[in-house]
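Remarks on the structure that follows.
The values are calculated or read from the model by the stated rules, or taken from the named source; none is laboratory data. Just so it is clear, the model here is predicted, and its values are computed rather than measured. Neighbour counts are summed over all protein chains in view; Cβ atoms, including those assigned to glycine, are modelled from backbone coordinates with ideal geometry. These accessible areas exclude ligands, DNA and RNA; they are computed on the full protein's heavy atoms, side chains included. Shrake-Rupley method; radii C 1.70, N 1.55, O 1.52, S 1.80 Å.
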Amino acid sequence: MSDRGLLSSKSMFPPVEGVVLNAVCVLSAGDITQKGYEKKRTKLLAPFFIPPPGTNPNPPPPPPPPPEPTSDPPAGRTSAVQAALAKHKEEKMALPMPTKRRSTYVPSPVETRTPPDSSSGSDDDGSLRRRSSAGPPPAPPSGLLLPPAPPGAASPQSPDCWINRSVQGSSTSSSASSTLSHGEGRPLPQGLPPPAQAPPPQAQPQYKPQYQPQYLPQYQYHTPETLWWSSPRPPTCHTHPTSAPESLCVCVCVHGLLLGVPVNSRVSTKIQQLLNTLKRPKRPELSEFFTDDSEEIVEVPLPDPNTPKPEGRQIIPVKGEPLGVVSNWPPALQAALARWGSTQAKSPALTALDITGKPLYTLTYGKLWSRSVKLAYTLLNKLGPKNEQILKPGDRVALVYPNSDPGMFWVAFYGCLLAEVIPVPIEVPLSRKDAGSSQVGFLLGSCGVGLALTSEICLKGLPKTPTGEILSFKGWPRLKWVVTDSKYLTKPSKDWTPHVPTANTEPAYIEYKASKEGTVMGVAVSKVAMLTHCQALTQACNYCEGETMVNVLDFKKDIGLWHGVLTAVMNRIHTISVPYAVMKACPLSWVQRVHVNKARVALVKCRDLHWAMMAHRDQKDTSLASLRMLIVADGANPWSVSSCDAFLNVFQPNGLKAEVICPCATSPEAMTVAIRRPGVPGTPLPARAILSMGGLSHGVIRVNTEDKNSALTVQDVGHVMPGALMCIVKADGPPLLCKTDEIGEIVINSRAGGTMYYGLPGVTKNTFEVIPVNSSGAPIGEIPFVRSGLLGFVGPGSLIFVVGKNEGLLNVSGRRHNADDLVATALAVEPVKTVYRGRISVFSVTVFYDERIVIVAEQRPDASEEDSFQWMSRVLQAIDSIHQVGLYCLALVPANTLPKTPLGGIHVSDAKQFFLEGNLHPCNILMCPHTCVTNLPKPRQKQPVGVGPASIMVGNLVAGKRIAQASGRDLGMIEDQDLIRKHLYLSEALQWRAQTDPDHVLYVLLNAKGVAVCTATCLQLHKRAEKIAAALMEKGSINTGDNVVLLYPPGIDLIASFYGCLYAGCVPVNVRPPHPQNLGATLPTVRMIIDVSKAACILTTQNLTRILRSKEASASVNIKTWPTIIDTDDLPRRRLPQIYKPPTAEMIAYLDFSVSTTGMLTGVKISHVAVSALCRSIKLQCELYSSRQIAICLDPYCGLGFVLWCLASVYSGHQSILIPPFELETCLSLWLSTLSQYRIRDTFCSYSVMELCTKGLGTQTELLKARGVNLSCVRSCVVVAEERPRLVLTHSFSKLFKDLGLSPRAVSTAFGSRVNLAVCMQGTTGPDPSTVYVDLKSLRHDRVRLVERGAPQSLPLMESGKILPGVRVIIVNPETRGPLGDSHLGEIWINSPHNASGYFTIYGEESLQADHFNTKLSFGDPTTLWARTGYLGFVKRTELLDAAGDRHDALFVVGSLDETLELRGLRYHPTDMETSVSRAHRSIAESAVFTWTNLLVVVAELGGSEQDALDLVPLITNVVLEEHHLIVGVVVIVDPGVIPINSRGEKQRMHLRDSFLADQLDPIYVAYNM
């Protein structure tokens, strides 16, 4: 196979490239068959063949490796990535770069700006392809592919076909074997012209700004630079040609333009870029398996018929060679130490190095034995008081020694073995915040450890409390610390000798192991297993007495312990231990030790090979010829092959032989699974497997034939250990034997393996007692196997190949990806500019029923934001192309901030935990949920309604469902009939009260100190109203029916001016005054209302008059065109000649102007009859009489707040204590103190007031109690609002102030709307407000399904108060206008005598008036006139009884119809999403959502530090996806107080949207999710 030459890029002349390109084009145009093309190409390239790589005497130097990665990038991955990204050079799809405040990146004008990444985004998912091999590798042309196998040859499924038996130093690639042959590609998309019509490359259009429409198909030709790559060590490929001709890949890049997008807006430009990127098809195109109905969330996905399936026979267990019996093998490991300690006392056992890499001390076997005996004696006899024995055989003892002190560890380990206690080696804790430190505590607890051995230096370095005691680490049991330095050990008496029993099944030591979730467990190794393992390693590695070994690995666990501490003593080997700190300072130190000490064996990791290559500078005097085994501990890593090849390439001139490189596969449970035996010089090197990554992701082994860029080259890890039996079983579910072409978990039966997870019998059974079963489910025998956690297969000659680990698997949409392989791809994308020391972590998080891949890398301190964003964009493309999987999140964190393992690696489970908790603090982040979330529910298709509303109603009745309607009690039943008969108008009611009860105090106004600053009796209010009416007639020249604006702060002047207008026959228009400190924002609203209402005059105070005419006001409005301004502080003493009485009660009493939550300014006309009916209704519901007092803490400018403040007292005669809400800013407790002081039974407030008290006074309840505040008098506390009741806030308020005597039954809500100012209000009689739990999924379909409390996807809703007397409510379908059953969500329609008369508009839009105020049902009751509230809700009949003894019908308000978000055919309510978002992280103070061009935008106010800002982006995306099944398009992080809120405490989402689109928010960060 190796006699086929390969093409060298340097030997290929441009004319040949042209010929090949020509052949490619001819093939794609259909003029030649694939077979003909292969022939023609082979013929063309025949003269350019070069000899096989083994014959080149001077191989070119390797490429410079990237700087010091912890996870080394395979050299081959770099070029694979470059080749994949090269396809994007001509197709520039701009991904929107995140916006960051105070960013160093200053955008240039859009017209001249190039996109942040010239190669970001691909319209054709296959346009990203993979190149191969180290630094960079070659591409064998298609003409060099082997012909189809002849009949009788091995089938593609037989193991021999996956293996490339290459000559020495063949592939330097870990990830790929060859590049894409350019004769291959993908079929043309439908509807595209054939490639023959493509313009030549030079005629391609230049990149245009993305907002210009561009519909030109772009054909991607490959320049000579992208076609061929040179390689110093070209691989020889054994693959199969494609079975069907394919055509040239055509990519189409379409940039569209959305109407209404302001071209000069930076924000909308970026959103437009985002929309463009979302036009790309998702990868992979899975069938959507999510069916969202009320019963189930996820269906099992339909299997893809094209998924590769295993076709081989069932695997047969593989047996290792028999374990040889040697006569002088000791009965236990301690016996071996005793033997060498006495017979070879001066023989060196261990040499430790100092920080410079020079020998520090050498421990002989004699010293090791004597010190171990002293320690054993001390442990057993000298630790307790009066020399009592506190340790007994079998107790567990922690060994806490630093990596730089192997000698102390050896003595402690063997001392424990001699004392027959069980050592548990752990890492040295450095601080309470060590990565995984609490999990180490779990290990110590599960092992029952109470004693820790350490050295004096180490003990001094442990963190201490101020009193000098050792800190108690989080999760750790209480430990007694024992120092084992020689001076503290006691020499045993002459008659004491340690007991050395023959090895048995009792535990010898416990080795810690961290799981994927970060849990640390202890694997117990029995004495006989420890001995047998040493014997098996001795046989497999052919260890001899007196050899020298260099150990770079951690000596506390794994290969460093097994070879460097245990097997070394068994065979009297001299071990030279090279600590991690020395490797950081001098990466070549281990190579120099091999040279100086003529070492025969070296224990290393790929990282050490890599670092040694980096530091190698033609050190000709260094010789590695003495090495007979270079054991590569992580040789099971699928990309270790490139490190081994590159190291061999560099050090071959230094005497390193190819056959000494021995990769091995190990796991804590099974210990050594397989190791390559040292080869005989001259024999061919073992095999390489070149596998399809697509096949691997489906768990099957396939030769890579279709896409050479997504090939994975893996090397074998040798044969099974002596005396072991090995099987491959399915990694998930029962241990079913795999087929020969299937990837599975390696399971081992051997005496030389772990026996259990100490103290965890449940987990032990599933790992250490596995009996494989065959396809029929029958066990293959009775002997138990141990799961190794390694995934692999058995190749030809029973060679073992490992392709990954269970704990590194990412299961995404039914496919499995290896985290290490994704790290390699990410590292290969120009990491030098961006990634700090190659530190990259890959893990998956479960979001919305699937795993999502997250990549977190440390960013170099000097990397610019543009570089970082470009790097992230390119990583996205590379992984999408090479692994065919989408990334969910890519984050860059500052250097050295990822949690570290003791030897400097990244602690992945802690990094994942930080990510999920929002403690990662990234400096750059890119979320790509649109790309990778492919299991969203199918968008709901609204079916055309084939039946009319009448049929629906009949259907409801047949199904036994009620029509959703309810009503309050009859308004005619009222006691005070005389007042109503005589005085139909409020103005008459005031006059009547001034005559009959002149001194009755109607109003008391309090200041911030709780002092009554102003009161008004019936007579005083009447007199003042008369004066104001006289001033209007005199100064304002007002005609009857003119509109007059009232501009007052909350107070009694406002009330008097209102009645003054009624006395004068004018129509009052109440307007909130402008804020003196914020005229620019508030004065234009005042001006707008004045203009819209066509006011003839303004009544106001002296102070506000000055403000209206001030210079500051002129900056916002034209102050010269104000209507007549009358200052009511200085009124004439003239009396009004006659008080006006309207001719009919239907005439307008006043105009009520308000800004809705959607930002619409609406004024409604309230007639005299409506005012009377409303006041009567409130009087009846709340039982208001002259003897009653109520407290009002509300804004008095519109809606029910104005009615309660100005109208209700005059009508009912009760006393109103007025508390202006702005006074609470000065004195938070004012409202609650007033309730207590005046013994108020009924109070009204807004959500803003309640929130102020909850947040501000929540911690001061004890202080208030001490001041004597008692709220037990409060019978009803009603929150006045035009929205869904805020259940969380009202519950919090009730709970917080329960200690002050507030009854939990007291708090309730009222509901009003523009068409009817008061629909519901909790009265003094009747049942308490009821709470129901509805299913959110059903609610999105406009259905109401009640569920139990705590059910998943449940939403608690509170009744909005009792329906007022005289009010009828019906729930209506807003589209068909037919009545609905009580199981449906619909629009709330109202019939009531106090409905508003209509909108006050300049142009009199009659259609809108009829539609909202005088509309009729399409069926059922076609005569009654209804008003549409614009709110969605439902009616439910409860089990409670009302005052009349009937079952109570409760009205539940869900949300405003105008504010609902129609997404994916479903109806969402913003407040539900905002509740979810606010729960996502402690730093989110407030949030708001809105949509723009079908993108969901979430704005979150950051309440914490700015370093938390980027943490919020993934958490917000996660929670909305999990709870609402929606993908967030844009996440905007802003400062507190940016989300606008109106006077009622409601969010102004449309104002927020307008500010965002106009780029006026000054956000901290804007993330555009891909």
| message | Need the failing condition index for residue 1059 against (1) farther than 24 Å from residue 1223 by Cα; (2) touching a strand residue (DSSP E or B) at 6+ places or on another chain (Cβ under 7 Å); (3) modelled with pLDDT of 95 or more, just the number. | response | (2)
| request: Would you mind stating whether residue 875 is open to solvent by 10 Å² or more (accessible area, probe 1.4 Å) and at pLDDT 90 or above? | output: no
| task | Would you mind telling me which numbered condition in (1) under 26 Å from residue 930 (Cα atoms); (2) touching a residue at least 60 places away in the same chain (Cβ under 8 Å) residue 893 fails? | result | (2)
| Can you name the condition, by its number, that residue 821 falls short on among (1) of a type in the set (Asp, Glu); (2) open to solvent by 50 Å² or more (accessible area, probe 1.4 Å); (3) in contact with a helix residue (DSSP H, G or I) (Cβ under 8 Å, 6 or more places away or on another chain)? | (2)
| message | Please verify whether residue 876 is touching a residue at least 12 places away in the same chain (Cβ under 8 Å), under 19 Å from residue 606 (Cα atoms) and not charged (D, E, K, R), treating the condition exactly as stated. | response | no
| remark: Flagged in region 1370-1384 as open to solvent by less than 10 Å² (accessible area, probe 1.4 Å) and in contact with a helix residue (DSSP H, G or I) (Cβ under 8 Å, 6 or more places away or on another chain), in numbering order, are 1378, 1379, 1381
| Has region 662-671 got any residue that is crowded, with 22+ Cβ neighbours inside 10 Å, in a loop (DSSP other than H, G, I, E, B), at negative phi and in contact with a strand residue (DSSP E or B) (Cβ under 9 Å, 6 or more places away or on another chain)? | yes
| request: Please work out if residue 539 is open to solvent by 20 Å² or more (accessible area, probe 1.4 Å), modelled with pLDDT of 90 or more, touching a Pro at 6+ places or on another chain (Cβ under 7 Å) and in a helix (DSSP H, G or I). | output: yes
| message | Here is a check on your reading of the model: is residue 566 crowded, with 21+ Cβ neighbours inside 10 Å and within 16 Å of residue 335 (Cα to Cα)? | response | yes
| remark: The residue that is most open to solvent (accessible area, probe 1.4 Å), considering only those in region 593-610 that are in a helix (DSSP H, G or I) and closer than 18 Å to residue 652 by Cβ, is 595
| said: For region 459-517, which positions are among the basic types (Lys, Arg), under 23 Å from residue 442 (Cβ atoms) and not in a strand (DSSP E or B)? | reply: 474, 478, 516
| Could you say which residue among 1031, 1008 is crowded, with 19+ Cβ neighbours inside 10 Å and over 16 Å from residue 1152 (Cβ atoms)? | 1031
| request: Tell me, yes or no, whether region 905-918 has at least one residue that is open to solvent by 40 Å² or more (accessible area, probe 1.4 Å), within 30 Å of residue 1343 (Cβ to Cβ), at pLDDT 75 or above and not in a strand (DSSP E or B). | output: no
| said: Take residues that are modelled with pLDDT of 80 or more and tell me which of the helices (runs of 4 or more DSSP H) falling wholly in region 927-989 contain 3 or more. | reply: 929-932
| field | helices (runs of 4 or more DSSP H) completely within region 1244-1310 that count 3 or more residues being surrounded by 17 or more Cβ atoms within 10 Å (Cβ to Cβ) | value | 1247-1257, 1287-1296
| request: Confirm whether residue 1338 is part of a loop (DSSP other than H, G, I, E, B) and open to solvent by less than 20 Å² (accessible area, probe 1.4 Å). | output: no
| message | Go through (1) in a helix (DSSP H, G or I); (2) open to solvent by 10 Å² or more (accessible area, probe 1.4 Å) for residue 863 and report which single condition fails. | response | (1)
| note | Filtering region 1215-1235 down to residues that are in a loop (DSSP other than H, G, I, E, B), out of contact with any Gly (no Cβ under 8 Å at 6 or more places or on another chain) and modelled with pLDDT under 95 yields 1226, 1229
| field | Every pair of residues 6+ apart whose Cβ atoms lie under 7 Å, when the first sits in region 1439-1460 and is open to solvent by 20 Å² or more (accessible area, probe 1.4 Å) while the second is of a type in the set (Asp, Glu) and at pLDDT 90 or above | value | 1457/1387
| request: Output the number of residues of region 1069-1093 satisfying the condition of being assigned to a loop (DSSP other than H, G, I, E, B) and either hydrophobic (A, V, I, L, M, F, W, C) or open to solvent by 60 Å² or more (accessible area, probe 1.4 Å) (or both). | output: 2
| Unique residue being free of Cβ contacts under 8 Å to residues at least 60 places away in the same chain and closer than 18 Å to residue 555 by Cα when the list is 608, 621 | 608
| field | The one condition in (1) in contact with a Pro (Cβ under 9 Å, 6 or more places away or on another chain); (2) in a loop (DSSP other than H, G, I, E, B) that residue 631 fails to fulfil | value | (2)
| query | Do you know which residues across region 362-407 are open to solvent by 10 Å² or more (accessible area, probe 1.4 Å), at pLDDT 95 or above, within 29 Å of residue 585 (Cβ to Cβ) and in contact with a Lys or Arg (Cβ under 9 Å, 6 or more places away or on another chain)? | reply | 364
